[in-house]
Amino acid sequence: MFEFFDNELCIKAEALYSEQELGLVSYSTYDRRLRYEVEFGKRGGNGRQAYIKFASIPDDLRYKIKQRCNGKSPYELAIQNKIKTLIEQDLNAIKYFNDYIKPDGEPLSIEKKREYNANANVLNAINLFIKTKNAWRRTMGGRKQNMWDAISEMVNGIRSEEVPHNLPKKPRPLRNKFDRYMSESYSSLVHGGTGNTNTEKLCAVAKSWLLARWATPIEKVTMTQLWEEFNALADERGWKPVDDQKTIRNYLYQPEVQEQWYGHRYGELKAKEKYGFQQSTKLPTMRDSLWYSDGTKVNFYYLKDGKVETTSVYEVMDAYSEVFLGYCVSKTEDFKAQFSAFKMATQFAGHRPYECRYDNQGGHKKLQNGDFLTKLSHLSIRTQPYNGKSKTIENAFYRFQQSYLHKKWYFTGQNITAKKEESKANMEFILANKANLPSFEEALAAYVELRTKWNSDPHPLTGESRISMYLESNNPKAPAINYFDMVDLFWIQRKVPVTYTAYGLTIEEKGRKYTYAKYDDNKMPDIKWHRSNIDRKFVVKFDPEDMSTICVYKETTNGLHYVTLLTQKNNVHRGKQEADEFEASFLAQVNNANKAARIATRDKTNEVLEKFGLLPEQHGLISPALKGIESARKAAGTKAKKKVKVTDIAEIEKALSNEVADLNNEEALYKKIF
């Protein structure tokens, strides 16, 4: 509260109006009047505290301040507080005394730890006070006084309930304590008689050997064997023999020592599970906030071609409701299984999740590299490897296996590390009934049935059915997903563009050809779109699980541009014998539509030709009739000067198709070829 600035006693401005300190005036009084009447020893702002010169404060307010000083003058408090304000917690000291083991193998008591920490904190403050430039001169305000007398006075003024130190009260012993602390650090603060080393049974070297011998995985020993081996080496190495193996056990099982050997003796993952800091987390409070995904065993034996087999399943689960949203059963946890499970989950949810958690196994790298998970959710985070506790879905799998899959007699057991007999398979019964094992299809149907029951059963925390919790929840940050979102996420894009022809657009997938065309609302071919896109190249996206439709895109400088949806082309019977009534009507309508389109195209082009004087009739010639639609016609306003036989184009095409090369007339043959 009080400080010296340029040898003048000052008081912190905030102390005058703060309720936590003096609180003698209101802030409005200080801000509107008082701060304009006083002089500042130090201006505030940018995180700095403002200090007012004590002598410039009005007499009545100065009198009130002195009354609040507990019988001491502000000057005395300024001196005393100089050390007190420099006191901070020394975290290194805390660690040192917490870890300190006395020679007898015991740690320091709580009281001694508190005392030694306080001593270190005060001595650190004294050191900082001495080092501070001009600190002594400013604090003493020009008074002639021995520095250690003043420091001793300041230290003695620190109340024990605030800082429970026990430093010497007189200047000389205090200075000696300080000098020793500066040279020996924290060890100088521990009383010399603490845990007398003369009674210590294990020296430092012996302790190191015991730790190494117990930790090594090369040749494990029991505690009794370790004790016997230690005593056999004691004389040779100058150690004190140990009468009771409890002495060795007590040392090795001290928490700070056990932590060092635990991983080497039992495995690092076991040590990680035991010693790693575990977060306490809250589950989501709404659906689609967090989806977990992971693969596991179906845990059913089934019979295939006379052999007993098992398979795996990849599940996607909503963390809030524990509803299994989507799954895919497959032998391996690969990209296809993960992709299919996420697709089913998205179709079921109808929304994008805010966050997806997944492990780093199987095809997740492919999912991630293809931006699939980034497109699907706002966040996609890989769970910590080898950390089952970080995945809620693993706990759900455990309960699903234990309470649902376990009911079936062909249950495989939870896993090979299961210790409970209830978690293991009845192999004797299964082998006796090997011929009665279900088929893959039957095992899958049983799994799906139990999975549905899991979703319908009560959630362990709310008592409400999981599926009800999910369906009745709403997440404003999980947007609904539409048809084109599904296309973008789950449809596969062919690398090479495909050309649209008069037969439609044909692609080949897994050795089978599929042809597509555009149909209108009446399920008739869109002839106009068809004719306008002949020979156009399209980028194709398709759903490998449903080849009935595809989406086509045009490549532009700005990326892909969606064009339309094409439907798998209808095939009609060529012969009338097998054609039904619909096909006959369909063929007739398509034929008429083709003719109408030919006429429309011819007429539209003729309008352009006529506009620029390029129509054949404008030059005394005749435009050919549309074959199969119109009869032969003459150009308007002209008469034939002589009768000319009109040859149909079909006759010419037929003659050309029937013509055979005359090998007897080589000269004519060469003219035709060359």
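The values are calculated or read from the model by the stated rules, or taken from the named source; none is laboratory data. Just so you know, these numbers come straight off a predicted model, no measurement behind them. No Cβ is skipped: glycine too gets one built from the backbone with ideal geometry, and neighbour counts run over all protein chains shown.
For this structure, a couple of remarks:
- Qualifying residue in the range 267-275 (condition: in contact with a Lys or Arg (Cβ under 9 Å, 6 or more places away or on another chain), part of a helix (DSSP H, G or I) and loosely packed, with under 15 Cβ neighbours inside 10 Å): no
- Count of the range 235-248 residues which are assigned to a helix (DSSP H, G or I) and surrounded by 14 or more Cβ atoms within 10 Å (Cβ to Cβ): 3
- Considering residues of the range 565-574 that are modelled with pLDDT of 85 or more and of a type in the set (A, V, I, L, M) only, the residue nearest to Tyr500 (Cα to Cα): Leu566
- Meets criteria (closer than 30 Å to Leu22 by Cβ and either surrounded by 14 or more Cβ atoms within 10 Å (Cβ to Cβ) or modelled with pLDDT of 90 or more (or both)) for Lys82: yes
Yes or no, residue by residue, for (1) farther than 24 Å from Asp535 by Cα; (2) modelled with pLDDT of 90 or more; (3) not assigned by TED's automatic domain parsing to the domain that holds Tyr519:
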| site | (1), (2), (3) |
| --- | --- |
| Val563 | no, yes, no |
| Lys576 | yes, no, yes |
| Ala579 | yes, no, yes |
| Asn594 | no, no, yes |
| Arg598 | no, no, yes |
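Per-residue answers, yes or no, for (1) of a type in the set (Asp, Glu); (2) more than 25 Å from the chain's Cα centre (by Cα); (3) assigned by TED's automatic domain parsing to the domain that holds Arg466:
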position: Glu229; (1), (2), (3): yes, yes, no
position: Gln245; (1), (2), (3): no, yes, no
position: Arg249; (1), (2), (3): no, yes, no
position: Tyr262; (1), (2), (3): no, yes, no
position: Tyr327; (1), (2), (3): no, no, yes
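- Residue check, Asp526 out of contact with any strand residue (DSSP E or B) (no Cβ under 9 Å at 6 or more places or on another chain) and either surrounded by fewer than 15 Cβ atoms within 10 Å (Cβ to Cβ) or not assigned by TED's automatic domain parsing to the domain that holds Asp318 (or both): no
- Per this entry, Ile83 is not counted among residues that are assigned by TED's automatic domain parsing to the domain that holds Phe129, closer than 25 Å to His165 by Cα and aliphatic (A, V, I, L, M).
- Selection over the range 560-595 of residues that are assigned to a helix (DSSP H, G or I) and either of a type in the set (Lys, Arg) or free of Cβ contacts under 8 Å to residues at least 12 places away in the same chain (or both) gives a count of 9.
- Residue in the range 470-481 that is within 30 Å of Trp454 (Cβ to Cβ), among the hydroxyl-bearing types (Ser, Thr, Tyr), touching a strand residue (DSSP E or B) at 6+ places or on another chain (Cβ under 7 Å) and surrounded by 14 or more Cβ atoms within 10 Å (Cβ to Cβ) present: yes
- Boolean, Val496 is assigned to a loop (DSSP other than H, G, I, E, B) and among the hydrophobic types (A, V, I, L, M, F, W, C): yes
- Residue list for the range 276-319, filter: among the aromatic types (Phe, Trp, Tyr) and assigned to a loop (DSSP other than H, G, I, E, B): Phe277, Tyr301
- Pairs, first at negative phi in the range 1-16, second in a strand (DSSP E or B) and among the acidic types (Asp, Glu), C-beta under 6 Å, six or more apart: Cys10/Glu3
- Count of the range 2-33 residues, restricted to those that are surrounded by fewer than 19 Cβ atoms within 10 Å (Cβ to Cβ) and within 16 Å of Leu77 (Cα to Cα), is 5.
- For the range 367-385, the criterion of being modelled with pLDDT of 85 or more and either touching a His at 6+ places or on another chain (Cβ under 9 Å) or part of a strand (DSSP E or B) (or both) is met by none of the residues.
For (1) under 30 Å from Val552 (Cβ atoms); (2) in contact with a strand residue (DSSP E or B) (Cβ under 8 Å, 6 or more places away or on another chain); (3) not assigned by TED's automatic domain parsing to the domain that holds Phe335, each residue gets a yes or a no:
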| site | (1), (2), (3) |
| --- | --- |
| Phe429 | no, no, no |
| Lys434 | no, yes, no |
| Pro438 | no, yes, no |
| Ala445 | no, no, no |
| Lys453 | no, no, no |
| Ser456 | no, yes, no |
| Phe484 | yes, yes, yes |
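- Test result for Lys336, surrounded by fewer than 21 Cβ atoms within 10 Å (Cβ to Cβ) and in contact (Cβ under 8 Å) with a residue 60 or more places away in the chain: no
Residue-wise test of (1) part of a loop (DSSP other than H, G, I, E, B); (2) exposed (fewer than 10 other Cβ atoms within 10 Å of the Cβ); (3) modelled with pLDDT of 90 or more; (4) charged (D, E, K, R).
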site: Asn415; (1), (2), (3), (4): yes, no, no, no
site: Ala418; (1), (2), (3), (4): yes, no, no, no
site: Glu428; (1), (2), (3), (4): no, yes, no, yes
site: Ala435; (1), (2), (3), (4): no, yes, yes, no
site: Pro438; (1), (2), (3), (4): yes, no, yes, no
site: Glu442; (1), (2), (3), (4): no, no, yes, yes
